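Every number here is computed from the coordinates shown, using simple stated rules; none is lab data. The shown structure was predicted, so the numbers you read here are calculated from the model rather than taken from an experiment. Glycine gets a Cβ as well: all are built from the backbone with ideal geometry, and neighbour counts include every protein chain shown.
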Amino acid sequence: MIRQVEGMFWLKIRSMRRVCAIGTVLALFGGVSVLTGCAVGPDYRRPAPPDVKSYTAHTLPARTAAAAGPGGSAQSFVVGRKVEGAWWSLFRSPELDRLISVALAHNPSLVAAQNTLLAAQDQVRVGEGAFFPSLSGSVNAARELQPFQSAGLTTTTGKVTGSTSNSPFSLLNAGVSVSYAPDVFGGVRRQVEGLEAAAQEQRFALEAAYLALTANVVTAAVTDASLRAQIVATKGIVAAERNELQILQRQVTLGGAAESSVMTQQALLAQTLATLPPLENQLAQTRNQLAAYEGAYPADFHDPDFNLAQLHLPHRLPVSLPSELVRQRPDIREAAAVLHQDTAAVGVATANMLPQITLSGSVGHEALTAASLFTPETLLWNLAAGVVQPLFEGGSLFYQRRAAIATMRAAAATYQDTVILAFQNVSDVLVSLTNDARALQADRAAETATRESLDVAEAQYRAGAVPYTTVLTAEQSYEKSVIIRIQATAQRYADTAALFQALGGGWWQRRDVAPNIEKCCGVLP
């Protein structure tokens, strides 16, 4: 793509030099002051979407596996289905909706991104000012003393008289000056084009920040719910193990069990208790992270606890067409805007090597008294035109243009890399959705089986049919299966949020975009 751009670039340079040379002559000798047909450098064209038909090497099933219990329902992939703007509402959690609403309103990173965008928009307007002449007015009053017979001044009668003494006098001056640099070779237009692309970059950087924040809040909320469920399950296991320890202690007292069984059970209970502090530590860190997303301090965060059972798993998941992904992902659009900006910079660097035309003029009045200041006899004016052609700059202009071309080439490669990573991201999530659903199905079955096995082992032990080591083994298996099942359930919610993030989050469907932002950079074409 870069070679094609460079070939078109040099072909256009040759033709534009001829056309703009004629425009230069007209501007200087024919009175033409506004030329808009010349703009050296390559014209930016958005790269075409990659010619791929699928995100994965193998065809994915139309539906995922299903498992009993919350978070275990099957999910279907709907190709071409639109991505909701407020996609997190599909989880049907009022607590989650409120948390995201607060985060969008108070997160400092969003405030910074919004103001960065506004600054970029104003920079565009600053650049557009170069299209117009610069007009300035001045009024001066001076008290002067000149040598005898040196001051020749015009009187109201039109006669030139010289001062007969070297006494001080007042001199008044009022005038207007105009200067204009015709954009013959399009350097200013390329600069403004680059500024507009920079504003687009910030526009999509803001959308990327919105998307990352909402996805992070959902993931943190799911993690919060998962850790709470794991803590509850672990405490339940601790209670069961303490009950078993009490039973063993009574049996040892009655001579029905060995003392070693009590010590083994005590060790198992201690091991289970040791798993609680890390879980509670992770939970506290997750809560602190949620507070940061809301723009609050940890001590001021008092949001309600999340529960996996309160989250609804969306049944129908959108899968955007591969050709649409490059228009939906804000990071891809951001990379395209950077490429646009760097492409325009090549035109700016090229225009700097060509002649620069300047037109200027001024008109004013100069007199000794305010009464005669604006009379015809005191009128002063001048017109000027100039052309400056860089002849020798130590190679700086040449290397600036070459550096701009290299930067454009790097931006094109970065854009391509961003597109590839985006497709990889979607592919990874789709595969995870399928495999993690199967994992939850197996984990749920394993939990059921280990629970039944533990019940049987405990009954057989009480009946004296098996040693207590059998019960210990069954307890450990069930403890692990409960924790794994909770983690697998949470992973399905996290996978769903990751899919919406990978598809762009539906930012173009949102209705909370500020009018000035929308006017600047628009939505999907």
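The dipole here belongs to the chain: it is taken about the Cα centre, uses +1 on the Cβ of Lys and Arg and -1 on the Cβ of Asp and Glu, and is about 1460 debye. Taking 7 Å steps out from each Cα toward its Cβ at Ala267 and Gln424 produces label points 4.6 nm apart.
Pick out the long, greasy-scoring helices in the chain: whole DSSP H runs spanning 27 Å or more along their own axis by Cα, mean Kyte-Doolittle at least -1.0. Don't jump to the answer; show the numbers that get you there.
Numbers: long enough: 2-29 (39 Å, 0.75); 108-128 (31 Å, 0.10); 187-254 (98 Å, 0.20); 330-351 (32 Å, 0.38); 396-462 (91 Å, -0.09); 468-502 (50 Å, -0.04).
Answer set is 2-29, 108-128, 187-254, 330-351, 396-462, 468-502.
Take every DSSP beta bridge whose two residues both sit in the stretch 2-521; close to 90 percent of them are antiparallel.
How charged is the neighbourhood of Ala65? Take every other residue with its Cβ under 12 Å from the Cβ of Ala65, and add Lys/Arg as +1 and Asp/Glu as -1.
+2
For the ranges 112-122, 225-235, 332-342, what's the packing order if you count other beta-carbon atoms within 10 Å of each residue, average per peptide, and put the highest first? Provide the component values of the computation, followed by the final result.
Values: 112-122: 16.7, 225-235: 19.6, 332-342: 23.7.
Going from most to least packed, we get 332-342, 225-235, 112-122.
In a shell of Cβ-Cβ distance under 10 Å around Tyr478, excluding Tyr478 itself, what net charge do Lys and Arg (+1) and Asp and Glu (-1) give?
Values: positive: Arg451, Lys480; negative: Glu447, Glu452, Asp455, Glu475, Glu479.
Here the charged neighbours net out to -3.
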